[in-house]
1. Restricting attention to the range B:183-218, which residues are crowded, with 16+ Cβ neighbours inside 10 Å and in a helix (DSSP H, G or I)?
2. Restricting attention to the range B:129-141, which residues are under 19 Å from A:Glu118 (Cβ atoms) and either open to solvent by less than 30 Å² (accessible area, probe 1.4 Å) or touching a residue at least 40 places away in the same chain (Cβ under 8 Å) (or both)?
3. When the range B:146-176 is examined, which residues are found to be among the β-branched types (Val, Ile, Thr) and either crowded, with 23+ Cβ neighbours inside 10 Å or over 16 Å from B:Ile91 (Cα atoms) (or both)?
4. State the number of residues belonging to the range B:1-47 that are among the β-branched types (Val, Ile, Thr) and assigned to a strand (DSSP E or B).
5. For A:Lys200, state whether it is within 25 Å of B:Asn311 (Cα to Cα) and either open to solvent by 40 Å² or more (accessible area, probe 1.4 Å) or part of a loop (DSSP other than H, G, I, E, B) (or both).
6. Find the residue count for the range B:60-81, including only residues that are more than 20 Å from A:Ala132 (Cα to Cα) and either hydroxyl-bearing (Ser, Thr, Tyr) or surrounded by fewer than 23 Cβ atoms within 10 Å (Cβ to Cβ) (or both).
7. Restricting to the range A:13-28, count the residues that are open to solvent by 50 Å² or more (accessible area, probe 1.4 Å) and in contact with a helix residue (DSSP H, G or I) (Cβ under 7 Å, 6 or more places away or on another chain).
8. Residues that are of a type outside the set (Asp, Glu) and more than 8 Å from chain B (Cβ to nearest Cβ): which strands (runs of 3 or more DSSP E) entirely in the range A:105-183 hold 2 or more of them?
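The values are calculated or read from the model by the stated rules, or taken from the named source; none is laboratory data. Keep in mind the model is a prediction, meaning the values are calculated, not measured. Neighbour counts are summed over all protein chains in view; Cβ atoms, including those assigned to glycine, are modelled from backbone coordinates with ideal geometry. In case anyone asks, the SASA skips ligands and DNA or RNA and just uses the protein heavy atoms, side chains included. Shrake-Rupley method; radii C 1.70, N 1.55, O 1.52, S 1.80 Å.
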Amino acid sequence: MKILVCISKTPDTTAKIAFTDNNTKFDANGVQWIINPYDEWYSLVRAIELKEADASAAIHLVTVGGADAEPIIRKALALGGDEAIRVNADSSDSFYIASQIAEVAKQGSYDLIFTGKETIDYNGSSIGGMVAELLDLPYISLATKFELSGKKATVTREIEGGEEVNEAELPLVVSTQKGMAEARIPNMRGIMAARTKPLKAVEPVAAETLTSVAAFGLPPAKVGVKLVSPDNVDELVHLLHEEAKAI
Amino acid sequence: MSVLIYIDTAEGHIKKSSIEAICYGAKIAEQLGTTTEGVVLGAVNDDVAALGKYGVKKIHHTTGDAFSQFDAQVYTKAIAEVAATTGAKVIVFSNNISGKAIAPRLSARLKAGLVAGAVALPNTDNGFTVKKNVFSGKAFANVTVNTEVKIISLSPNAYQVVAGEGTAELVTANVAVTPGKVTVTNTSKASGDIVLTEAEIVVSAGRGMKGPENWGMIEDLAKTLHAATACSRPVADAHWRPHNEHVGQTGFAIAPNLYIAIGISGAIQHLAGVNRSKVIVVINKDPEAPFFKAADYGIVGDAFEVVPKLNEAIKKLKSTA
């Protein structure tokens, strides 16, 4: 079985968000980069668990990004990927990125493709669905559990106010979220092994860019909290009703 | 040419998030000087034609059995067909769970640019640019769609529902049904509860509640406010509350009109899931809790004393209103 895990490089959750070049570019100055948490904690770790249950399984990682994405992909290899492919391109357009991943997926004929439920920078939740469509494969989104028996996958996914169990045959695209697996940290053996694992850079294929970011912006800062005495909750209710019109 | 809205259902009922999408789509149609059409897949118990009061003029409906269970691949193909027959120039989804599964597929299928999670109407003065949240609500981006057909998925609770008059014309959607590859074998739902991601008011509590046995007052307050209940990550991880109540970076991202955080310190990961709430109230006994910096209103005090008093005060307001 071959598993492809999509890995995205994102700013650390606590990173200061600012923009440069007339608000058209993310200001990467001093920013700590991490593997997108959903890609790491859920997609990659679940893939590693599947491999632990089936030693014949192979985990390939794919990322679309410049050479500066390599420390991230090395960390993912240290956690347990077998080899990695970096498509040497940078884009904010999900369709362009999905087209690159779909091309890698076609070349490698994978049984299973995992993406995180979204990236914590663009929050698009789009790559999994687009890749599935480009490959004409079924797509199960926002999965919280994934079990495999031969070629049959049993996947629990979130629905509004509950969950749903789906069954589908591989090949399959799945977007993953909390519940899939528990976060791991790379051990020294993994870190050493990752140094020599194959990390191949390939050039992008031609693909359309359907969207572009005209400008970024920051939401207006909160004016400051209005504190109410704990002995005067009526005042809070009054403010919520009259001023905020929230109740 | 039209604006086409995908109207999503659950258990035969039209979702509130889809009604928001209809109102939003109808406004775009008005901006562009075109008509508003909708598509509904599968059997519906609600009165579909009555959705006309939200601005949709014509609804393409199929009750085919193929749509009795959700399969993004099957749904995408059907919506693509309706989009072709209606000559849709803008296709609107709610960025709810179904929208997140279908809209990207449709975008790739039609090579139509997608703005996922829009929070405002498009700006059509110079091209077609739509505002969406990025960096987990810490920033926004104005995204320009460069293709002739545009797809927008609207963030839940980001657009005000306005009901007017009117009835929509119902037409049968003649879509070729392709057999799906996904089978739904089981569905489980917390019955009777208000859906967290659609709720207008959310009452949320954290470790400050000390233990699951103390949640009665949280549930009472939620009941008085017709609110959904939520919790912070440590609470879900400790199994004090079910995981489907967990809001924050790894849990649900929500944007209610009112978010009441009780005994939650307000770690950045928690804020990432709730910072799009319109009004935030924080109740915490620690005046240094970081959540106060993100709040509109706050009470520095003991939740065990404040919450029951707040509940009574709101009951009093509701009884006089």
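1. Those that are crowded, with 16+ Cβ neighbours inside 10 Å and in a helix (DSSP H, G or I): B:Leu196, B:Thr197, B:Glu198, B:Arg207, B:Gly208, B:Met209, B:Asn214, B:Met217, B:Ile218.
2. Hits for the range B:129-141 are B:Val130, B:Lys132, B:Asn133, B:Val134, B:Phe135, B:Ser136, B:Gly137, B:Lys138, B:Ala139, B:Ala141.
3. Going residue by residue through the range B:146-176, those that are among the β-branched types (Val, Ile, Thr) are B:147, B:149, B:151-152, B:161-162, B:167, B:171-172, B:175.
Listed by number, the residues that qualify are B:Ile151, B:Ile152, B:Val161, B:Val162, B:Thr167, B:Val171, B:Thr172, B:Val175.
4. Residues of the range B:1-47 that are among the β-branched types (Val, Ile, Thr), as a first pass: B:3, B:5, B:7, B:9, B:14, B:19, B:22, B:28, B:34-36, B:39-40, B:44.
Within this subset, residues satisfying the condition of being assigned to a strand (DSSP E or B) are B:3, B:5, B:7, B:9, B:14, B:35-36, B:39-40.
Summing the residues that are among the β-branched types (Val, Ile, Thr) and assigned to a strand (DSSP E or B) in the range B:1-47 gives 9.
5. The answer is no for A:Lys200.
6. Qualifying residue count, the range B:60-81: 6.
7. 1
8. Correct list: A:112-116, A:139-149, A:152-159, A:172-176.
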